[in-house]
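First up is the structure itself, then whatever we jot down about it.
The values are calculated or read from the model by the stated rules, or taken from the named source; none is laboratory data. This structure is a prediction, so every number in the text was calculated from the model and none was measured. When we count neighbours, we look across all protein chains shown, and the Cβ atoms used for this are built from the backbone with ideal geometry, even at glycine.
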Amino acid sequence: MYVYRFTGGKHGNLQFKNGNGAANIHITLINSPNFAIKDVPIDGDPNHQLTAMVESNNKAHIQNKNTEELDAYYSVKVSDSNVADIYCDPGIINNR
């Protein structure tokens, strides 16, 4: 069994006031020799407001242009070197 916890926002779910400027969302995985961030897939972003980048095994970020309304989700794909890949998936909303 895996347990994960997001801090910031509301359990990792984030909301931004649309038009208040770009926002960077920082993702940090507590260092562990068995776990690594492999990808940050985005779902529900037809106008390409979100750009994700993996920086290292324990750091990634998402750039939110925040120029249009948005109700999307991101996942953090974490690889467990002993078992498999694990997906964790909070949401991002740009409100009016």
- Task: Just give me the residues in the range 68-86 being in a loop (DSSP other than H, G, I, E, B) and not hydrophobic (A, V, I, L, M, F, W, C), in sequence order.
- Result: E68, E69, S75, S81, N82
- Would you say A60 is of a type in the set (A, V, I, L, M), under 13 Å from the mean Cα position of the chain (by Cα) and more than 17 Å from C88 (Cβ to Cβ)? no
- Message: I'd like to know if the range 76-96 contains one or more residues that are of a type in the set (K, R) and either modelled with pLDDT under 85 or over 15 Å from the mean Cα position of the chain (by Cα) (or both).
- Response: yes
- If the Cβ limit is 8 Å and pairs must be 6+ apart or interchain, which residue in the range 25-48 that is of a type in the set (G, A, S) pairs with which residue that is surrounded by 17 or more Cβ atoms within 10 Å (Cβ to Cβ) and not in a strand (DSSP E or B)? A36/L29
